[in-house]
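Q: Below are the structure tokens for one structure; questions will follow.
The values are calculated or read from the model by the stated rules, or taken from the named source; none is laboratory data. All figures in this text were calculated on a predicted structure; none of them were measured in a lab. Backbone-built Cβ (ideal geometry, glycine too); neighbour counts: all protein chains shown. For the accessible areas, the whole protein counts, side chains as well, though only heavy atoms, and no ligand, DNA or RNA atoms are used. Shrake-Rupley method; radii C 1.70, N 1.55, O 1.52, S 1.80 Å.
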Amino acid sequence: MQTYIAHYSSPAASDARAKGLFEFESASRAGSKANLKDARLKMLELYGKNAVSWNIVKVERKRASAESCNEQMELDFRAPKPERKRAKRKEWW
């Protein structure tokens, strides 16, 4: 079975805002209805009745490179991206 990461959020009008992610396992293909159903069942199992109104925003496959990281931070030595400049507006009158 493949391991997936599901991102969830509560409705915008909710009193108790919730946003986060959790891991789950599914034998279904990524993005299929069966995969979303497995994610929903795992969310309800983890968070109980609080999660009934929550929506699953995105489901993505867990990458193997994240497991081999061993909790060590990675450094990025690339040069920073150049700052983009906005184009000047042309006056039409």
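Q: Net charge near ASN50, counting Lys/Arg +1 and Asp/Glu -1 over other residues with Cβ under 15 Å of its Cβ?
A: Charge balance near ASN50 sits at +3.
Q: Protein chains only, probe 1.4 Å: how do TRP93, TRP54 rank by accessible area, largest first?
A: TRP93, TRP54
Q: From the C-alpha gyration tensor of the chain, pull out the three semi-axes of the equivalent ellipsoid (sqrt of 5λ each), sorted largest to smallest, in whole Å.
A: 35, 24, 15
Q: Share of the chain's accessible area from carbon and sulfur, percent, 1.4 Å?
A: 51
Q: A further question on this structure: Where Rh is the Kirkwood radius over the Cα pairs of segment 1-40, the temperature 20 °C and the viscosity 1.002 mPa s, what D in µm²/s does Stokes-Einstein return?
A: Estimated via Stokes-Einstein, D reaches 192 µm²/s.
Q: What is the extension gain from SER28 to ILE5, computed as 0.36 nm multiplied by their sequence separation minus the C-alpha to C-alpha distance, in nm to one decimal?
A: Answer, rounded to one decimal: 6.9 nm.
Q: Another one. Can you spot the aspartates and glutamates whose alpha carbon is less than 12 Å from LYS62's alpha carbon? Ignore those fewer than 8 places along the same chain.
A: GLU23, GLU25
Q: Output the 0 to 90 degree angle, nearest 10, between the alpha-carbon long axis of helix 33-47 and the longest principal axis computed from the alpha carbons of the chain.
A: With both axes taken from Cα atoms, the answer is about 80 degrees.
Q: Okay, moving on. Can you tell me the length gained on complete extension of the stretch LYS37 to ALA13, counting 0.36 nm per residue apart and subtracting the Cα distance?
A: So the extension gain works out to 6.2 nm.
Q: Just the accessible area per residue of the chain, please: how many Å² with a 1.4 Å probe?
A: Value returned for the chain: 94 Å² of accessible area per residue.
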